[in-house]
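The values are calculated or read from the model by the stated rules, or taken from the named source; none is laboratory data. Predicted, not measured: the structure shown is a model, and the values here were computed from it. Heads up, the Cβs are rebuilt from the backbone with ideal geometry, glycines too, and the neighbour counts pull from every protein chain shown. Each accessible area value is taken on the protein alone, full model and side chains, heavy atoms only, with ligands, DNA and RNA left out. Shrake-Rupley method; radii C 1.70, N 1.55, O 1.52, S 1.80 Å.
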Amino acid sequence: MAKPLAKRIKHDFSRYPSTQHIIVGIGQVSHQVTSRLKIMSAGYKVRSIKALEDEKALTVGADFLGESILFLVGGSIVVYEYNAGKEKERRKQEKIKLLAEEDERKFRMVIDGINLRLQKLENSVRNSDDQTK
């Protein structure tokens, strides 16, 4: 879905003179940065970099725009999935916590019932001891 959208935007932006100027600028900047990085990574000093022809800069800028859209869509999907996974994990932990609290409440009720029965039994034993004396 993202690739056809990127191609469409790239094509539409390249058609109009007002947006062509923007894309040519993007292409020139991309060429400058890419060329500088290549020269510096080879260990040389950058003296000057020739500007691209407008037609070539338009192609480079349009490609950069299309790839940027794909990267943006892909990155958005990754962030969305990460957040969805975190939310799912949070809900799972909340459910586990609620189940543990419910189990603890039931356990307390059982313990309280046992304590009550034990007190009655102790009272019964005391009463029978008092009656036998």
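Being modelled with pLDDT of 90 or more and of a type in the set (D, E, K, R) narrows it down to one of 7, 3, 50, so name that one. Explain how you work it out, then say what you get.
Details: 7 fails: modelled with pLDDT of 90 or more; 3 fails: modelled with pLDDT of 90 or more.
Answer to the check: 50.
Hey, residue 118 hits all of (1) aliphatic (A, V, I, L, M); (2) at pLDDT 90 or above; (3) within 38 Å of the chain's Cα centre (by Cα) but one; which does it fall short on?
It fails just one condition, (3).
Only residues in the range 8-33 that are without any contact (Cβ under 8 Å) to a residue 40 or more places away in the chain count as the first member; pair them with residues that are small (Gly, Ala, Ser) and open to solvent by 50 Å² or more (accessible area, probe 1.4 Å), Cβ under 6 angstrom, at least 6 apart or cross-chain, and list the lot.
The qualifying pairs are 28/51.
I'm told residue 63 meets every condition in (1) modelled with pLDDT of 90 or more; (2) open to solvent by 50 Å² or more (accessible area, probe 1.4 Å); (3) of a type outside the set (S, T, N, Q) except one. Can you identify the failing condition by its number?
Failing condition for residue 63: (1).
Being more than 14 Å from residue 51 (Cβ to Cβ) and loosely packed, with under 15 Cβ neighbours inside 10 Å is the filter here; which residues of the range 22-37 pass it? So that I can check it myself, show each step before the final result.
From the range 22-37, those more than 14 Å from residue 51 (Cβ to Cβ) are 22-23, 37; that's our starting set.
Within the range 22-37, 22, 37 meet the criteria.
Among the candidates 68, 41, 76, single out the residue that is surrounded by 10 or more Cβ atoms within 10 Å (Cβ to Cβ), of a type in the set (S, T, N, Q) and either in contact with a helix residue (DSSP H, G or I) (Cβ under 6 Å, 6 or more places away or on another chain) or modelled with pLDDT of 90 or more (or both). Outline the logic, then answer.
Details: 68 fails: either in contact with a helix residue (DSSP H, G or I) (Cβ under 6 Å, 6 or more places away or on another chain) or modelled with pLDDT of 90 or more (or both); 41 fails: surrounded by 10 or more Cβ atoms within 10 Å (Cβ to Cβ).
Answer to the selection: 76.
Look at residue 56 and say whether it is among the charged types (D, E, K, R) and either in contact with a strand residue (DSSP E or B) (Cβ under 8 Å, 6 or more places away or on another chain) or open to solvent by 100 Å² or more (accessible area, probe 1.4 Å) (or both). Please lay out each step first, then the result.
Details: among the charged types (D, E, K, R): yes; either in contact with a strand residue (DSSP E or B) (Cβ under 8 Å, 6 or more places away or on another chain) or open to solvent by 100 Å² or more (accessible area, probe 1.4 Å) (or both): yes.
In short, yes.
List the pairs whose first member sits in the range 64-79 and is closer than 19 Å to residue 28 by Cβ, whose second member is surrounded by 15 or more Cβ atoms within 10 Å (Cβ to Cβ) and of a type in the set (Lys, Arg), and whose Cβ atoms are under 9 Å apart, counting only residues at least 6 apart or on separate chains?
65/10; 66/10
Residues are listed down the side, and each one gets a yes or a no for (1) of a type in the set (Asp, Glu); (2) more than 19 Å from residue 68 (Cα to Cα):
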{"position": "12", "(1), (2)": "yes, no"}
{"position": "21", "(1), (2)": "no, no"}
{"position": "26", "(1), (2)": "no, no"}
{"position": "29", "(1), (2)": "no, no"}
{"position": "36", "(1), (2)": "no, yes"}
{"position": "48", "(1), (2)": "no, yes"}
{"position": "56", "(1), (2)": "no, no"}
